[in-house]
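The values are calculated or read from the model by the stated rules, or taken from the named source; none is laboratory data. Source: prediction; values computed, not measured. When we count neighbours, we look across all protein chains shown, and the Cβ atoms used for this are built from the backbone with ideal geometry, even at glycine.
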Amino acid sequence: LADPGGICISDTVWKQLAGKSSVAFEDIGERELKNMAQPVRVFRWGEATVAAAHAMPLPLPEKPSIAVLPFDNLSGQPEETYFSDGITEDIITGLARFHSLFVIARNSSFAFRGKPIDVAEIGRRLGVSYLLEGSVRRAGERVRISAQLVEAAAGAHVWAERYDRSLGDVFAVQDEVAQVIVSTLVGRIENASLKRSAQTPTDNLTAYDCLLRGIAHFRGYAADDNQKACEMFERAVELDPQYAVAHAYLASVRVAMCGYASAPAEVLAASRALGMHAVELDAQESRCHRLLSNIYLYSRDHDAAEHHLRRSIDLNPNDADSLIQMGYLLVLRGRPDALGWMEAAIRLNPFHPTWYNANLGVAFYSLRRYAEAAQAFRRLLDPWQWSRARLAACYAQLGQETEAQEQAAKVMRLNPAFSINEYFRTSILLEREEDREHLREGLIKAGLPK
């Protein structure tokens, strides 16, 4: 199936590459393959794909722009990578709080891990002027963090520093690195903002370690990842009862373990209370507000969800996850400005995680742009009945009856008890009746049972 000089891979291989490769593969749909009983979804890479990717560099923002590449783990223990990743992410979070900077999201920065690509090309692909590189070496109770700021286009080193500290000082190092970068890029902007937040994440490094391990599991797709994440977050809260972000993640993972929007009312109520406790512990931590917003949305309280999400964005305007979630929430509320928020999120996170596509699919369907909606849903790594049903509705609205029926059949194989009424009761968060009827119409056209 591959073009001369090109490569085709199956969806199984493509899923394994998710978040590990910056190579752009094009989804060319399902194909019948020799000796395979079922069609296989195929992704293609070739000179045409590469040429297209290189032909359209992202424009530079007006504000000073930076991407923080994943810091190298020099501890000699590959399993310690979660620690160097956590340091990197906290520096990204620290930088993102400054309104005067444009900061690329973690997922897009991490797409270049271990790739033999020069800094000029990385800057070109991400559309930024500066890159921060570094390494972390952890040994016993000591940590060495090295960081260097590079001007992407010229490859010139603007600033470099090395920090030898005790593990207890790791948060001070993160703040110091963020402060120096801001001062270097934009001068002495908002000097008051350069001071450390009065809220220290935690004084308990073991709790911090548990949080990082939990987040790594929470982002995974293994069957037991949510359970392992929950155990880590519970341990972090036990070690440091004042650790706001750990409480917020614990509230969120408990809802995830029970089916998100289909979680029982008592689970949602308990998680809302825990999420509010996290906000009370640190009202200036944007992630606490963002995670609480999700729980309110799953509870069908759209007003409270929007309140906390806007607060999250006020605190951290460069958090791409908050921006994509705002776009999704506004779609659910029938607001016309929703797509603009999503476009801003993708600019900050051009190599975004695949779950962004579900939000985009919902938005495009609401806008009657069914072909784009179908394309977005097809990009999902492991579509379950929630997205399969919506994809079937897209095809039905496009008049592609065969494809709609194929997706509807897959929904029924995944859940033989599926019905449109139950789907709406447990999973659909659209606020306006006309939007709910628009989706119901597509599902009925696809042949799904009422």
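Within the stretch 121-158, restricting attention to residues that are of a type in the set (Gly, Ala, Ser) and part of a strand (DSSP E or B), the residue that is modelled with the highest pLDDT is Ser135.
For the stretch 437-445, state whether one or more residues are modelled with pLDDT of 95 or more, in contact with a Cys (Cβ under 8 Å, 6 or more places away or on another chain) and small (Gly, Ala, Ser). Within the stretch 437-445, one or more residues are modelled with pLDDT of 95 or more, in contact with a Cys (Cβ under 8 Å, 6 or more places away or on another chain) and small (Gly, Ala, Ser).
Of all residues in the stretch 232-252, at least one satisfies being more than 22 Å from the chain's Cα centre (by Cα) and within 25 Å of Asn107 (Cβ to Cβ). Which condition number in (1) surrounded by fewer than 24 Cβ atoms within 10 Å (Cβ to Cβ); (2) within 14 Å of the chain's Cα centre (by Cα) is the one that Asn318 fails? If we test Asn318 against (1) surrounded by fewer than 24 Cβ atoms within 10 Å (Cβ to Cβ); (2) within 14 Å of the chain's Cα centre (by Cα), just (1) comes out false. Screening Ala305 with (1) outside the structural domain of His438 (by TED's automatic domain parsing); (2) in contact with a Leu (Cβ under 6 Å, 6 or more places away or on another chain); (3) surrounded by fewer than 23 Cβ atoms within 10 Å (Cβ to Cβ); (4) of a type in the set (Gly, Ala, Ser) gives one miss only, at (3).
Each row is one residue, and each column tells you yes or no for (1) surrounded by fewer than 19 Cβ atoms within 10 Å (Cβ to Cβ); (2) free of Cβ contacts under 8 Å to residues at least 12 places away in the same chain.
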| residue | (1), (2) |
| --- | --- |
| Tyr249 | no, no |
| Val255 | no, no |
| Cys258 | yes, yes |
| Ser271 | no, no |
| Leu281 | yes, no |
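Assessment of the stretch 388-407 against the conditions (under 27 Å from Asp303 (Cβ atoms) and without any contact (Cβ under 8 Å) to a residue 12 or more places away in the chain) yields no matching residue.
For the stretch 343-351, the condition holds for at least one residue, the condition being that it is touching a strand residue (DSSP E or B) at 6+ places or on another chain (Cβ under 8 Å), crowded, with 21+ Cβ neighbours inside 10 Å and at pLDDT below 95. Filtering the stretch 397-421 to residues that are under 31 Å from the mean Cα position of the chain (by Cα) and charged (D, E, K, R) leaves Glu403, Glu406, Lys410, Arg413. Going by the structure shown, is Phe364 hydrophobic (A, V, I, L, M, F, W, C), part of a loop (DSSP other than H, G, I, E, B) and out of contact with any Leu (no Cβ under 7 Å at 6 or more places or on another chain)? No. Scanning the stretch 354-377 for residues that are more than 20 Å from the chain's Cα centre (by Cα) and among the hydroxyl-bearing types (Ser, Thr, Tyr), we see that the one that is nearest to Glu431 (Cα to Cα) is Ser366. The helices (runs of 4 or more DSSP H) falling completely within the stretch 376-450 that include 2 or more residues that are within 21 Å of Val40 (Cα to Cα) map to 385-398, 401-414.
Within the stretch 136-159, the set of residues being in contact with a strand residue (DSSP E or B) (Cβ under 8 Å, 6 or more places away or on another chain) and within 18 Å of Ser65 (Cα to Cα) comprises Ala147, Gln148, Leu149, Val150, Glu151, Ala152, Ala156, His157, Val158, Trp159. The set of residues in the stretch 220-243 being in contact (Cβ under 8 Å) with a residue 40 or more places away in the chain and surrounded by fewer than 23 Cβ atoms within 10 Å (Cβ to Cβ) consists of Tyr221, Gln242.
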